[in-house]
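Encoded as structure tokens, the structure appears first; notes follow it.
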Amino acid sequence: MKLGNYKRIISNDYPAENQPLVEQLGRQLNDGIEQLFFAVGGKLSFADNFAATVKEVEVTVGTTGVPVNRTSIQLNNSNVVVGTLVISAVNKSSAALFPTSAPFISFTQNGTALYIDNITGLQANNRYLVTLVALNS
């Protein structure tokens, strides 16, 4: 189903005796309804509307998936991270080599820092630009 057009509450659409009340209500309701209308219409961004952090990190892993250098991201908050999703993994060393499977991240959290302990599925000794979503509880 496609959303219809959004029509704001306008005091002039109502009888003169009701216009002051409609104007007061309309001021408070119009902005909230407009935001909900656009959200339902597909205008939500993940990073701005969910308890999560979306970040890019460059990482090179060894043969066991452990990062060659200690790798971390700064979280948007210190809430407990319950898991991560890798939404992109671009090989910056070789455009001809791709991840061998869906990358999964094992991590340790310390406040607003999320340390990457292991990433599966990446080609060893290749530098990747990984975009991940850290989901909060």
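Any chance you could count how many residues in the range 65-114 are in contact with a Ser or Thr (Cβ under 7 Å, 6 or more places away or on another chain), β-branched (Val, Ile, Thr), within 27 Å of Phe50 (Cα to Cα) and surrounded by fewer than 16 Cβ atoms within 10 Å (Cβ to Cβ)?
Of the residues in the range 65-114, 4 are in contact with a Ser or Thr (Cβ under 7 Å, 6 or more places away or on another chain), β-branched (Val, Ile, Thr), within 27 Å of Phe50 (Cα to Cα) and surrounded by fewer than 16 Cβ atoms within 10 Å (Cβ to Cβ).
Has the range 17-36 got any residue that is free of Cβ contacts under 8 Å to residues at least 12 places away in the same chain and in the same structural domain as Leu114 (by TED's automatic domain parsing)?
Applying the first criterion (free of Cβ contacts under 8 Å to residues at least 12 places away in the same chain) to the range 17-36 yields 17-21, 24, 27-28, 31-32, 35-36.
Okay, now just the ones that are also in the same structural domain as Leu114 (by TED's automatic domain parsing), so none.
Checking the range 17-36: not a single residue is free of Cβ contacts under 8 Å to residues at least 12 places away in the same chain and in the same structural domain as Leu114 (by TED's automatic domain parsing).
Pick from the range 1-24 the residues that are aliphatic (A, V, I, L, M) and either in contact with a helix residue (DSSP H, G or I) (Cβ under 9 Å, 6 or more places away or on another chain) or surrounded by 13 or more Cβ atoms within 10 Å (Cβ to Cβ) (or both): which of them is farthest from Leu132 (Cα to Cα)?
Filtering the range 1-24 down to residues aliphatic (A, V, I, L, M) leaves 1, 3, 9-10, 16, 21-22.
Right, trim to either in contact with a helix residue (DSSP H, G or I) (Cβ under 9 Å, 6 or more places away or on another chain) or surrounded by 13 or more Cβ atoms within 10 Å (Cβ to Cβ) (or both) and you get 3, 9-10, 21-22.
On the way: Leu3: 31, Ile9: 41, Ile10: 44, Leu21: 48, Val22: 46 Å.
The residue in question is Leu21.
The values are calculated or read from the model by the stated rules, or taken from the named source; none is laboratory data. Keep in mind it's a predicted model, so treat the numbers as computed, not measured. Note that each Cβ is placed from the backbone with ideal geometry, even for glycine, and that neighbours are counted across all protein chains shown.
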